[in-house]
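Engineer: Below is one structure. I have some questions about it.
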Amino acid sequence: MRSRAISAKSRTLSRPDIHGTGIAQQKSGANPSLRVTRRASLSNASGAPPEVLTEPGSGVVARSEFVCPPFDQVYAETFPAVWRMVRRMGVIDSAVDDVVQEVYVTVYRKLGQFEGRCAIKTWVLGILTRVVNNYRRVRRRKGAGHALSSVVGDPDLIADLNLDPHEQVSRAEAGRIVHRLLDELDDDKASVFALAELEGMSVPEIAEALGTNVNTTYARLRAARRDFERGLRRLQAQHRG
């Protein structure tokens, strides 16, 4: 299912047509908020505590109170983060639309399994990391060289009219370096590093997204930061030499 309807430049929201009829464009300005239903009481009829206690605004509800949101809402709520992260994780420009499409086809298939244990964005980004890691493995098996984008991962970083051309070039180069070093990390480390350092997720959120325990996630993040720093020092030494 290949499509080029998701426009990176216009950021127009479109959703995958999972019935195979192509891409259906959402109405302009449509950006519904993700809402879930919760009852006033967090205790059940027996007086036992609910399975999951939640904080206001966390995007997580008790499983007994959870109502799974429709696909269109999930898509509109998470598309900007998905598109941004696919590019930040170094997917080449020509493959971005296909990878994003695959993410949402998977989300559609598995949405009925979402139980509200975490925020919907966290759940979707977990799917994204698995899709991107599969993309990285396929590219390596095919001997396609570095599975990297030729530009900085997030165009918002360089689309700043207040920056002079030299600063914009510097930011673009920094983005290429990040992509190169991410590609040198193994998949587990790259996923944790990208979610923590590029998307700003907490370790518990990352652990939930990736289906790992918190201690393992902390260990992987420390190792990823260590390897990233080593790679950066190596590139800096090569540049000076």
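The values are calculated or read from the model by the stated rules, or taken from the named source; none is laboratory data. These figures come from a predicted structure and were not determined experimentally. In this analysis, Cβ positions are derived from the backbone assuming ideal geometry, glycine residues included, and neighbour counts consider all displayed protein chains.
Engineer: Has region 150-170 got any residue that is crowded, with 17+ Cβ neighbours inside 10 Å, at pLDDT below 80 and of a type in the set (A, V, I, L, M, F, W, C)?
Structural biologist: yes
Engineer: Cβ contacts < 9 Å: first residue touching a residue at least 40 places away in the same chain (Cβ under 8 Å), restricted to region 222-241; second residue basic (Lys, Arg) and surrounded by 11 or more Cβ atoms within 10 Å (Cβ to Cβ), any location; separation 6+ or different chain. Result?
Structural biologist: Note: pairs meeting the criteria are ASP227/LYS189; PHE228/LYS189; GLY231/ARG180; LEU235/ARG180.
Engineer: Scan region 205-216 and give yes if some residue there is more than 17 Å from VAL96 (Cα to Cα), at pLDDT 90 or above, of a type in the set (S, T, N, Q) and loosely packed, with under 13 Cβ neighbours inside 10 Å, otherwise no.
Structural biologist: Scanning region 205-216 turns up at least one residue that is more than 17 Å from VAL96 (Cα to Cα), at pLDDT 90 or above, of a type in the set (S, T, N, Q) and loosely packed, with under 13 Cβ neighbours inside 10 Å.
Engineer: What pairs can you find where one residue is in region 66-89 and over 21 Å from MET201 (Cβ atoms), the other is of a type in the set (Ser, Thr, Tyr), and their Cβ atoms are less than 6 Å apart, with a gap of 6+ or different chains?
Structural biologist: VAL67/THR37; PHE71/TYR108
Engineer: Looking only at region 123-144, which residues are under 12 Å from VAL74 (Cβ atoms) and either assigned to a loop (DSSP other than H, G, I, E, B) or modelled with pLDDT under 95 (or both)?
Structural biologist: Answer for region 123-144, where residues must be under 12 Å from VAL74 (Cβ atoms) and either assigned to a loop (DSSP other than H, G, I, E, B) or modelled with pLDDT under 95 (or both): there is none.
Engineer: Tell me the residue from ALA194, ALA219, ALA223 that is assigned to a helix (DSSP H, G or I), touching a Ser or Thr at 6+ places or on another chain (Cβ under 8 Å), surrounded by 13 or more Cβ atoms within 10 Å (Cβ to Cβ) and not β-branched (Val, Ile, Thr), please. Full working, then the answer.
Structural biologist: On the way: ALA219 fails: touching a Ser or Thr at 6+ places or on another chain (Cβ under 8 Å); ALA223 fails: touching a Ser or Thr at 6+ places or on another chain (Cβ under 8 Å).
Among ALA194, ALA219, ALA223, only ALA194 is assigned to a helix (DSSP H, G or I), touching a Ser or Thr at 6+ places or on another chain (Cβ under 8 Å), surrounded by 13 or more Cβ atoms within 10 Å (Cβ to Cβ) and not β-branched (Val, Ile, Thr).
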